[in-house]
Amino acid sequence: MRSLAKITMQTSFTIAQLADPDVAESEKILRACVHCGFCTATCPTYVLDGNELDSPRGRIYLIKDMLENDRPATADVALHLDRCLSCLSCMTTCPSGVHYMHLVDHARVRMERTYRRPLIDRLLRATLAKLMPYPQRFRLALDAAFLGKPLAPLAAALGLSRMAAMLRLAPWRPAHRPLAPQTFPALGPRKNGRVALLAGCVNDVLAPQINAAAIRVLTRHGIEVVLSQGAGCCGALVYHMGREDEALAQARANIDAWTSTDGLDAVLITASGCGTTVKDYGFLLRTDPAYAERAARVGRLARDISEYLATLPLKVAANAPGLVVAYHAACSLQHGQRIMRQPKELLARLGFVVKDAPEGHLCCGSAGAYNILQPAIARRLRERKVGTIERLRPDVIAAGNLGCIMQIAAGTDLPTIHTVELIDWATGGLCPPRLRGRRPPAAVRPSTAAG
């Protein structure tokens, strides 16, 4: 049997090309690939259509050709890289440790700088980049989308699939105001810790109940929660569109905010897509002498909310609701951060009956702005995901990422909520809004003895 060393990918970058640290990193990643094809079995786009160029292995060859020959991205490269969800399921599957995330992110930056997209595509991407990372702008945009939401079927009939996707994702209610920077003191006789919470750019505007639940459960268990002045979007949305300068500026703003906040034990994140990016700040800013050390420190402090709560002695309410929960593992949580056990173990510990969603390794189709930019593929993935979950006949679907929650909820009547909302409820907090009216009155609020 040949050794892996003899079948790894061969590259032919020049010394001059390898002087660029991003190219050098990509070359190292490329050389780790052994062409085995294990990644194809767990790649959502390959599973749907069986196109090799829409698999990680196929995209790796496209990226290698573009980088190695130092040529601009072509329309064909853009087509297949745009179809990648960055779900990172391939990284969990890969036996040789190919860091596909860093490779495809570098390729997208290169593509953004060298490929001129069609006008409509440029306008849509610019609109998303200039609205979604900014809560006040995004709130105004959602208010406009609320008024236009009834026109979604017409937009779809006219072939405006992306416009229709945006309108369908908009909630049937006015947007909320984001939380202002402030400190939520720990409750009880002693303070057990101090954390910063990333309010984010989308969470508080679309689903303020998520961060509210996180704050309640943390403060009830003696943790002081800080929303730091100056913290905002993590940068993931624009980075995955190849807009590197904007993403790094947003990352630096967060690093400045959190490193100037004294006494933090952790930086907590309730949107796992954001968490994957914040944990990667050290890599993203590794060549910036002014930020490299602080970025690495913030990356080490970053924790998903479930990851952090798993370390606390949570106080279970006397009559915690014993619902059947279908747990959807967000790709950014299970593949990006390798957090697989903690959310399910927390829910089970609190009295819920937890069922894994079948085909849990496959993406639901949300993937940041993917369900807007690639609505047809996203819809097919959602239908597949919802079909597997509904067969479990759960009372509720739980996930650790708002994008997944909205994507799945758009395809099912089952209540779909954040894991931390269930944790809050089971430890003496409020019943999640989506579950009110679905349970007997006694179950609407567990005993407050834990609070």
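Between VAL316, VAL386, VAL354, which is over 21 Å from the mean Cα position of the chain (by Cα), at pLDDT 95 or above and either surrounded by 16 or more Cβ atoms within 10 Å (Cβ to Cβ) or among the aliphatic types (A, V, I, L, M) (or both)?
Numbers: VAL316 fails: at pLDDT 95 or above; VAL386 fails: over 21 Å from the mean Cα position of the chain (by Cα).
That would be VAL354, the only listed residue that is over 21 Å from the mean Cα position of the chain (by Cα), at pLDDT 95 or above and either surrounded by 16 or more Cβ atoms within 10 Å (Cβ to Cβ) or among the aliphatic types (A, V, I, L, M) (or both).
In the range 283-305, which residue that is in a helix (DSSP H, G or I) and more than 19 Å from the chain's Cα centre (by Cα) is surrounded by the most Cβ atoms within 10 Å (Cβ to Cβ)? Full working, then the answer.
Of all residues in the range 283-305, those in a helix (DSSP H, G or I) come to 283-284, 292-301, 305.
After this cut, where a residue has to be more than 19 Å from the chain's Cα centre (by Cα) as well, the list is 292-297.
Working: ALA292: 16, GLU293: 14, ARG294: 19, ALA295: 25, ALA296: 16, ARG297: 17.
Checked the range 283-305; the qualifying residue surrounded by the most Cβ atoms within 10 Å (Cβ to Cβ) is ALA295.
Answer yes if at least one residue in the range 71-79 is touching a Cys at 6+ places or on another chain (Cβ under 6 Å), assigned by TED's automatic domain parsing to the domain that holds CYS43 and more than 20 Å from ALA376 (Cα to Cα), and no otherwise.
Initially, the range 71-79 is screened for residues touching a Cys at 6+ places or on another chain (Cβ under 6 Å), giving none.
Within the range 71-79, none of the residues are touching a Cys at 6+ places or on another chain (Cβ under 6 Å), assigned by TED's automatic domain parsing to the domain that holds CYS43 and more than 20 Å from ALA376 (Cα to Cα).
Any idea which of (1) surrounded by fewer than 19 Cβ atoms within 10 Å (Cβ to Cβ); (2) in the same structural domain as GLU25 (by TED's automatic domain parsing); (3) within 21 Å of the chain's Cα centre (by Cα) is the one THR127 doesn't satisfy?
(2)
Cβ-Cβ below 8 Å, separation at least six or inter-chain, first residue in the range 307-331 and under 19 Å from LEU197 (Cα atoms), second of a type in the set (Asp, Glu) and not in a loop (DSSP other than H, G, I, E, B): which pairs?
Every condition considered, the pairs that remain are ALA310/GLU345.
Given the conditions (1) assigned by TED's automatic domain parsing to the domain that holds ILE377; (2) closer than 25 Å to TRP425 by Cβ; (3) within 14 Å of the chain's Cα centre (by Cα), and given that HIS335 satisfies all but one, which numbered condition is not satisfied?
(2)
Any residue in the range 308-329 that is touching a helix residue (DSSP H, G or I) at 6+ places or on another chain (Cβ under 7 Å), over 30 Å from LEU103 (Cβ atoms) and part of a helix (DSSP H, G or I)?
The answer is yes; a qualifying residue exists.
Can you tell me which residue in the range 255-292 is farthest from LEU218 (Cα to Cα), limited to those that are of a type in the set (S, T, N, Q) and touching a Lys or Arg at 6+ places or on another chain (Cβ under 9 Å)?
Quick first cut of the range 255-292, residues of a type in the set (S, T, N, Q) only: 259-261, 270, 272, 276-277, 287.
Still in the running and touching a Lys or Arg at 6+ places or on another chain (Cβ under 9 Å): 259, 261.
Details: THR259: 21, THR261: 18 Å.
So the residue we want is THR259.
State whether one or more residues within the range 270-286 are over 30 Å from CYS94 (Cβ atoms), among the charged types (D, E, K, R) and in contact with a strand residue (DSSP E or B) (Cβ under 8 Å, 6 or more places away or on another chain). Lay out the reasoning, then the answer.
In the first step, residues of the range 270-286 are kept if they are over 30 Å from CYS94 (Cβ atoms); the result is none.
Checked the range 270-286: no residue is over 30 Å from CYS94 (Cβ atoms), among the charged types (D, E, K, R) and in contact with a strand residue (DSSP E or B) (Cβ under 8 Å, 6 or more places away or on another chain).
Being more than 30 Å from LYS355 (Cβ to Cβ) and at pLDDT 95 or above narrows it down to one residue among ASP262, ASP280; which is it? Walk me through how you get there before you give the answer.
Numbers: ASP262 fails: at pLDDT 95 or above.
Answer to the selection: ASP280.
Quick check, is ALA164 without any contact (Cβ under 8 Å) to a residue 24 or more places away in the chain, in a helix (DSSP H, G or I) and of a type outside the set (Asp, Glu)?
Values: without any contact (Cβ under 8 Å) to a residue 24 or more places away in the chain: no; in a helix (DSSP H, G or I): yes; of a type outside the set (Asp, Glu): yes.
Against the criterion (without any contact (Cβ under 8 Å) to a residue 24 or more places away in the chain, in a helix (DSSP H, G or I) and of a type outside the set (Asp, Glu)), ALA164 does not qualify.
State whether the residues of the range 108-118 include one that is within 23 Å of the chain's Cα centre (by Cα), assigned by TED's automatic domain parsing to the domain that holds LEU18, crowded, with 19+ Cβ neighbours inside 10 Å and at positive phi.
No, the range 108-118 has no match at all.
Name the residue that is nearest to LEU30 (Cα to Cα), counting only residues in the range 79-132 that are part of a loop (DSSP other than H, G, I, E, B) and of a type in the set (S, T, N, Q). If you could, list the steps in order and put the result at the bottom.
Quick first cut of the range 79-132, residues part of a loop (DSSP other than H, G, I, E, B) only: 83-88, 94-99, 115-118, 132.
Applying the additional criterion that residues be of a type in the set (S, T, N, Q) yields 86, 96.
Details: SER86: 17, SER96: 11 Å.
Among residues in the range 79-132 that are part of a loop (DSSP other than H, G, I, E, B) and of a type in the set (S, T, N, Q), the one nearest to LEU30 (Cα to Cα) is SER96.
Exactly one of (1) farther than 28 Å from PRO343 by Cβ; (2) in contact with a helix residue (DSSP H, G or I) (Cβ under 7 Å, 6 or more places away or on another chain); (3) among the acidic types (Asp, Glu) is unmet by ASP204. Its number?
Condition not satisfied by ASP204: (1).
Residues that are assigned to a loop (DSSP other than H, G, I, E, B), among the acidic types (Asp, Glu) and without any contact (Cβ under 8 Å) to a residue 60 or more places away in the chain: does the range 376-397 have at least one?
no
Quick one: in the range 332-351, which of the residues that are without any contact (Cβ under 8 Å) to a residue 24 or more places away in the chain and in a helix (DSSP H, G or I) is surrounded by the most Cβ atoms within 10 Å (Cβ to Cβ)?
Taking the range 332-351 and keeping what is without any contact (Cβ under 8 Å) to a residue 24 or more places away in the chain, we get 340-341, 344, 348.
Applying the additional criterion that residues be in a helix (DSSP H, G or I) yields 344, 348.
Working: LYS344: 19, ALA348: 13.
Here the residue is LYS344.
How many of the residues making up the range 364-376 are crowded, with 22+ Cβ neighbours inside 10 Å and touching a Ser or Thr at 6+ places or on another chain (Cβ under 7 Å)?
Of the residues in the range 364-376, 1 are crowded, with 22+ Cβ neighbours inside 10 Å and touching a Ser or Thr at 6+ places or on another chain (Cβ under 7 Å).
Is one or more of the residues making up the range 286-293 under 30 Å from PRO432 (Cα atoms) and in the same structural domain as LEU206 (by TED's automatic domain parsing)? If you could, list the steps in order and put the result at the bottom.
From the range 286-293, those under 30 Å from PRO432 (Cα atoms) are none; that's our starting set.
No, the range 286-293 has no match at all.
The values are calculated or read from the model by the stated rules, or taken from the named source; none is laboratory data. This structure is a prediction, so every number in the text was calculated from the model and none was measured. In this analysis, Cβ positions are derived from the backbone assuming ideal geometry, glycine residues included, and neighbour counts consider all displayed protein chains.
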